[in-house]
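Here the structure comes first, spelled out in structure tokens, and everything after it is commentary.
The values are calculated or read from the model by the stated rules, or taken from the named source; none is laboratory data. None of the values given here were measured: they were computed from a predicted structure. In this analysis, Cβ positions are derived from the backbone assuming ideal geometry, glycine residues included, and neighbour counts consider all displayed protein chains.
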């Protein structure tokens, strides 16, 4: 029973936070808002092409996250192209970021945080280092 692919990740919050996250991941990262099944609770699904990679789900009133999971999430990473444009895009929105090279691969990474404080990493192949 092998794992065959990554499906999605889910962020939870109140509607105000979900709207801020939706806008951020669309306007800054470049995901697209798409279809979502008619679940009983409110939320959004954000896509890369045909794949819903980010689910934003409304937290239930009084919901408390499990203590053993608190503080373990660091970041989500996306494969990207055109690093120079992405850097200009982040700078035009006054989003602070840091960059790093991956040893041996030549891959370049940009790191920043979303409105909820979750880490976001954008990865650029060696030929896109610019």
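Could you tell me whether the stretch 27-43 includes any residue that is surrounded by 14 or more Cβ atoms within 10 Å (Cβ to Cβ), in the same structural domain as residue 126 (by TED's automatic domain parsing) and part of a helix (DSSP H, G or I)?
Within the stretch 27-43 (the criterion being surrounded by 14 or more Cβ atoms within 10 Å (Cβ to Cβ), in the same structural domain as residue 126 (by TED's automatic domain parsing) and part of a helix (DSSP H, G or I)), the answer is no, since none of the residues qualifies.
The rows are residues; the columns are (1) under 15 Å from residue 29 (Cβ atoms); (2) assigned by TED's automatic domain parsing to the domain that holds residue 22; (3) touching a strand residue (DSSP E or B) at 6+ places or on another chain (Cβ under 7 Å).
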| site | (1), (2), (3) |
| --- | --- |
| 80 | yes, no, yes |
| 85 | yes, no, no |
| 100 | no, no, yes |
| 119 | yes, no, yes |
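Those residues that are surrounded by fewer than 18 Cβ atoms within 10 Å (Cβ to Cβ), free of Cβ contacts under 8 Å to residues at least 60 places away in the same chain and part of a helix (DSSP H, G or I), I need them from the stretch 1-21; list them, please.
Those that are surrounded by fewer than 18 Cβ atoms within 10 Å (Cβ to Cβ), free of Cβ contacts under 8 Å to residues at least 60 places away in the same chain and part of a helix (DSSP H, G or I): 15, 16, 19.
Among the numbered criteria (1) out of contact with any strand residue (DSSP E or B) (no Cβ under 6 Å at 6 or more places or on another chain); (2) at pLDDT below 95, which single criterion is violated by residue 53?
All conditions are met except number (2).
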